Amino acid sequence: MTSGAIATVSTYMSAAIWMDSSSPWIATGAILQGLGTLATLVLLAWQIVSFYGNREVNKFEELLANLTEKDPMKRLIAVRHLTKLVSRNRLDTSHQRHVAECLHLLLHQEEEAVVRNAVFDSLQVLEFSEQIPTGTTPFSPPIVFKPTAKVSQKINNS
């Protein structure tokens, strides 16, 4: 739609310049200058879109790399940012699967409870955002029971 509007306006301007000009050479020069300006604006817009697209890819890769940091705070922040990206549907399905694989691995290796909870929450968001193909089972984290004082007392008394 935008390209059609640009073509219509360009054609109208070219015809108007050609009709109002006293010399065909001046008209041709003005039309070529207008086309050059339009081409420059299109290239500038393409560069801006490309820049922001590359920036998001670099940010995504940086977040994945932060999942392996030694500092639990950095891992937690990376998990939360990845969760935001997934919940806002800013990632395509292949990136979402990649995130899910990384988070599954992190869930099994993570020792910090806060980070594990964040990873588990993120995996739940991923489950809702991506459709699970038929024939596969959804992810279920291992259940770890921590006996409370009452349970330990009952076990010891029996």
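Where a number appears in this text, it was derived from the coordinates with a stated rule and is not lab data. Being a predicted model, the structure only gives us computed values, none of them experimental. Cβ sites come from the backbone with ideal geometry, for glycine too, and all protein chains shown count toward neighbours.
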Could you list log10 I(q)/I(0) for the range 1-66 at q = 0.13, 0.22, 0.29 Å⁻¹, which the Debye formula gives when each Cα is one point scatterer? -0.54, -0.92, -1.15
On a straight-distance basis, which aspartates and glutamates could pair with Lys84 in a cross-link, Cα separation under 19 angstrom, same-chain partners fewer than 8 positions away excluded? Glu56, Glu61, Glu62, Asp92, Glu101, Asp121, Glu127, Glu130
Within 10 Å, count the other beta carbons around each residue, average over each peptide in 75-86, 22-33, and list them highest first. 75-86, 22-33
